[in-house]
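The values are calculated or read from the model by the stated rules, or taken from the named source; none is laboratory data. Remember, it's a predicted structure, so these values are computed and weren't measured experimentally. Note that we place each Cβ from the backbone using ideal geometry, even for glycine, and neighbour counts take in every protein chain shown. When the accessible area is computed, the model is the full protein with side chains, heavy atoms only, and any ligands, DNA or RNA have been set aside. Shrake-Rupley method; radii C 1.70, N 1.55, O 1.52, S 1.80 Å.
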Amino acid sequence: MPRNKSLWISIEKLLLGGIDIPDLADAIDIHNLQTIDELGRRILATAGDVSDQHSKEFAKKHLALRYSLKVDPIPAIEQDTFEEQLMICGSPLDKFGWPEDSLPDIENINTQVNTQNSTPQNKTIKWTERPLADFEAEYIELGSYEKASKKHDVSRQRYSEVIKAKRKKSSWPNA
C-alpha cells in the first residue's frame, strides 16, 4: 500500500468502476499519471517505451489489451480464467493511477482533450525544431540516444545528426 496519505485510485479500480478505456487513455496522456516503484513509493510515470514498467506506454499497452478483450471477447471459460488470474496475481494497472486528491475529471476528459488540442500554445512542433535543452532532457530521461531515436521513430544516426547540428549551432563544447 502506498505511503502517501491520500487514497490511491488505480486505473484498474477505475476500469472496474465502469470508466471508458478511451477516456482513461486520454487521462494517461494529459494528466500526471503516477505509478508505484519497487519500494512502494508513488512516482510520476515515465515517458519511456513499453519495456519500461514505470512508463505511460506500459500502462497504455495493458489498457489496450483490456480494450481488445472488450471489443473481441474471449470465450467465457477463458474469460473466467483471465479474471481469476487478475484476482490472484493482480493487474499491472493496479500500479498506475492518481491519488484521490489529484484524480482528473475523467468523465469529462474529451472536453479537456479537445480544449487542449485547440489552444495555440499546445501546437505540436516537429521533433527536430525543439530547443537543444529539450534534446538533453530527453536523453537524460530515456538514458540513451537509441531510446530517444525510437521515441521519434527515426534512426539513431538521424537523431545524432540533429542533436550534433544543434550543439554546433549553440557553440556547445566539443560539438
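Before moving on, here are some points about what is shown:
- Residue within segment 135-155 that is open to solvent by 40 Å² or more (accessible area, probe 1.4 Å), at pLDDT below 70 and not basic (Lys, Arg) present: no
- Residue in segment 124-131 that is exposed (fewer than 10 other Cβ atoms within 10 Å of the Cβ), at pLDDT below 75 and not acidic (Asp, Glu) present: yes
- Selection count where residues are modelled with pLDDT under 80 and surrounded by 12 or more Cβ atoms within 10 Å (Cβ to Cβ), scope segment 156-169: 2
- The set of residues in segment 5-48 being surrounded by 15 or more Cβ atoms within 10 Å (Cβ to Cβ) and in a loop (DSSP other than H, G, I, E, B) consists of Ile19, Asp20, His31, Leu33, Ala45, Gly48.
- Unique match (being modelled with pLDDT of 85 or more and either in contact with a helix residue (DSSP H, G or I) (Cβ under 8 Å, 6 or more places away or on another chain) or surrounded by 14 or more Cβ atoms within 10 Å (Cβ to Cβ) (or both)) among Lys70, Lys95: Lys95
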